[in-house]
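A.B. asks: Quick one: the structure is below, questions incoming.
The values are calculated or read from the model by the stated rules, or taken from the named source; none is laboratory data. Everything quoted here is computed from the prediction, not taken from an experiment. Here the Cβ positions follow ideal geometry from the backbone for every residue, glycine too, while neighbour counts run over all protein chains shown.
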Amino acid sequence: MKRFEVLSLALLAVFTAPRAGAQEISNLEGGRPVTVEDAAPIEHGRLSGSFDYAYARRLDGVEYAGPGLSLDYGVLRGFELGAETRYLTNPRLNARRGIGSGDLDVHALASVLAEDARRPGIAVRVDGFLPTGFASHGADFSGTLLATRSFDEFRLHANVGSLYVGDRRPGARRNRLFAAAGIDTPPHGAWDTTTMGVADVVVRQSVLTDGKVSMGLEIGVKRRVGIQTIFFAGLGTEILGERDRARYRGLLGFSHAF
Amino acid sequence: MKRLALLLFVVPAGCSLFHGTTRVGGFYNNAVHRFFPDLDRRQNAIRYGRWRALEVAWRNGISPALDRDFAETLRLQMQKLPDFPPDARLSAPRFAREAAPAFEALGAADELEKEVEDALAAGNASPVRDAERIEAALRRYNRQPRALSEPSATLTSPARMSDLSSARLLLTGDWLFAQSAEDLAASDYGEQRWKVHATVERYDHEIVLPAPSVRTEWYRKYAPTFTSRHPRAAEVLDRVTRFRVEIFAALLSGVPDERARGVERVEARFGLAR
């Protein structure tokens, strides 16, 4: 498809969005600012676009950085469609670790059970990673189960999933399991929900069949800076894993609800 | 892949058209926030107060001592004038998960109230455009699964509600919404500014010592022009105020089970299924 057509359709989607309510700060988007995501799709009829810039330095001294873009739309009540992409420097080095540059991630997120007094909210997310970027090898797919439980002062989140690698390289794993557990809370209390702090722990199987499991710690903050705009920032490190794991990783960005 | 990309953008556009509204005609969303920041900040404070009052009442019930303490907190917090509305799930987390139908109904009503005021405050507002936009907002509201139905019989406000300082403060907030809708509906863009300014000043005085009565027909009483031009919207918004008052009345009990049963009864009266 020509870029002009894509741009035209994107603009059409933006201009015909049915309403532009305030961006909900409690709605966590995976990877912005931390990996863990809550079990709530974006509100029905709302279109949210995000732009961010990430920087990372690996233990072996390699640096990489680049912008990320995402769009999420609440197609139905409790059902979201979205797409995102990220461009990174050193795409070939990162591709060996399963980190694509320019790949298009298309996802659907569906709420299965709403949270109530007895059970947490449950949702299912399916991703298709399309090989549109540099050094890409075939399409990958992932399925994730998400759970969110709110308490009076904070919320807990858990994500568990598996990534199916479509075009496996020699020595690489076909299915990579991953899990994340996180917590978020408004630091100024329930009388001021302008800011939200979030932290998580992420565990991933290695790309290689004989590789080590990696474990990362991340913290982040989201702050409403406009009636429709949220600023977010995240910082993370991988404390376990291969020698080429990230020593630290930072991310800054904005999301805007149309 | 091309088809997937096409689908991703065509589906939102198609769904938006299904909603019966396009934004091409004018960017009036969040008009109160843009053009009337003083009013918007007070309305945000009231929104915080409403959700926090529900949360506190749902957790503990409402006793005279708690009412005194909470009213004092409410008065202090309502003077902080936040720039943005609250995230209801973070302001009233237990009420959100344990009384989901009432929580969602009030969330949908908040959205309607906001859309109505934004339509009236738009830079390009006119009686015809206002009517179109408010009707579109009502259509969206009525499609919500938690839209309130008119109850079969009207209950009189419980006497104890008048004794509660926090209830009087919140009802003064309801008055601000109705009065500002009247100011915006009954004047052009030039006059709106002064009328809203006068209403905000009056609200600032009244919040210090709210009126002792509990009256729930706010739009019909205080917004006659708005009610005559948009009778369906006024009816729905007054219904929401009655719902809110009845929910608070149900939370007066000190016994958690009684509070839960009371809220369920109010939900059933207004057509909300569990």
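A.B. asks: With the requirement that a residue be surrounded by fewer than 21 Cβ atoms within 10 Å (Cβ to Cβ) and touching a Pro at 6+ places or on another chain (Cβ under 9 Å), what does segment B:250-267 give you? Don't jump to the end; show me each part of the working.
C.D. replies: Here is the first cut: in segment B:250-267, the residues surrounded by fewer than 21 Cβ atoms within 10 Å (Cβ to Cβ) are B:252-258, B:260-262, B:264-265.
Those that are surrounded by fewer than 21 Cβ atoms within 10 Å (Cβ to Cβ) and touching a Pro at 6+ places or on another chain (Cβ under 9 Å): B:Leu252, B:Glu264.
A.B. asks: Tell me, yes or no, whether segment B:141-148 has at least one residue that is part of a helix (DSSP H, G or I), at pLDDT 90 or above and surrounded by 19 or more Cβ atoms within 10 Å (Cβ to Cβ).
C.D. replies: yes
A.B. asks: A:Pro131 fails exactly one of the following numbered conditions: (1) surrounded by fewer than 16 Cβ atoms within 10 Å (Cβ to Cβ); (2) farther than 30 Å from B:Phe95 by Cβ. What is the number of that condition?
C.D. replies: (1)
A.B. asks: Please find, among A:Arg46, A:Arg77, A:Arg57, A:Arg96, the residue that is buried (at least 21 other Cβ atoms within 10 Å of the Cβ) and either more than 11 Å from every other protein chain (Cβ to nearest Cβ) or at pLDDT below 90 (or both).
C.D. replies: Details: A:Arg77 fails: buried (at least 21 other Cβ atoms within 10 Å of the Cβ); A:Arg57 fails: buried (at least 21 other Cβ atoms within 10 Å of the Cβ); A:Arg96 fails: buried (at least 21 other Cβ atoms within 10 Å of the Cβ).
The unique qualifying residue is A:Arg46.
A.B. asks: Still on this model: What number of residues within segment A:115-132 satisfy the criterion of being within 12 Å of A:Arg149 (Cα to Cα) and free of Cβ contacts under 8 Å to residues at least 24 places away in the same chain?
C.D. replies: 4
A.B. asks: Given the criterion without any contact (Cβ under 8 Å) to a residue 40 or more places away in the chain and either within 24 Å of B:Asp87 (Cα to Cα) or out of contact with any Pro (no Cβ under 7 Å at 6 or more places or on another chain) (or both), identify the matching residue among A:Ser214, A:Ser255. If you could, list the steps in order and put the result at the bottom.
C.D. replies: Values: A:Ser255 fails: without any contact (Cβ under 8 Å) to a residue 40 or more places away in the chain.
The unique qualifying residue is A:Ser214.
A.B. asks: Would segment B:197-209 turn up any residue that is touching a helix residue (DSSP H, G or I) at 6+ places or on another chain (Cβ under 6 Å), part of a helix (DSSP H, G or I), farther than 24 Å from B:Ser63 by Cβ and of a type in the set (A, V, I, L, M, F, W, C)? Lay out the reasoning, then the answer.
C.D. replies: Within segment B:197-209, the subset touching a helix residue (DSSP H, G or I) at 6+ places or on another chain (Cβ under 6 Å) is B:199-200, B:203, B:206-207.
Retained after the next criterion (residues that are part of a helix (DSSP H, G or I)): B:199-200, B:203, B:206.
Going one step further and asking which of them are farther than 24 Å from B:Ser63 by Cβ, we end up with B:199-200, B:203, B:206.
Now narrow it down to the ones that are of a type in the set (A, V, I, L, M, F, W, C): B:200.
Yes, that holds for at least one residue.
A.B. asks: Residues A:Asp152, A:Asp103, A:Asp116: which one is farther than 16 Å from A:Val36 by Cβ and touching a strand residue (DSSP E or B) at 6+ places or on another chain (Cβ under 9 Å)? Lay out the reasoning, then the answer.
C.D. replies: Numbers: A:Asp152 fails: touching a strand residue (DSSP E or B) at 6+ places or on another chain (Cβ under 9 Å); A:Asp116 fails: touching a strand residue (DSSP E or B) at 6+ places or on another chain (Cβ under 9 Å).
Exactly one residue qualifies, and that residue is A:Asp103.
A.B. asks: Take the residues in segment A:229-258 that are within 14 Å of another protein chain (Cβ to nearest Cβ) and modelled with pLDDT under 90; name whichever of them is nearest to the chain's Cα centre (by Cα).
C.D. replies: Looking at residues that are within 14 Å of another protein chain (Cβ to nearest Cβ) and modelled with pLDDT under 90, I get A:Ala257.
A.B. asks: With the requirement that a residue be in a strand (DSSP E or B) and either within 11 Å of chain B (Cβ to nearest Cβ) or of a type in the set (Val, Ile, Thr) (or both), what does segment A:180-203 give you? It would help to see each step written out before you state the result.
C.D. replies: Taking segment A:180-203 as the starting set, the residues that turn out to be in a strand (DSSP E or B) are A:180-185, A:195-203.
Passing the criteria: A:Ile183, A:Asp184, A:Thr185, A:Thr195, A:Met196, A:Val198, A:Val201, A:Val202, A:Val203.
A.B. asks: Can you tell me which residue within segment B:60-100, out of those that are within 16 Å of B:Leu251 (Cβ to Cβ), among the hydrophobic types (A, V, I, L, M, F, W, C) and part of a helix (DSSP H, G or I), is farthest from the other protein chains (Cβ to nearest Cβ)?
C.D. replies: B:Ala65
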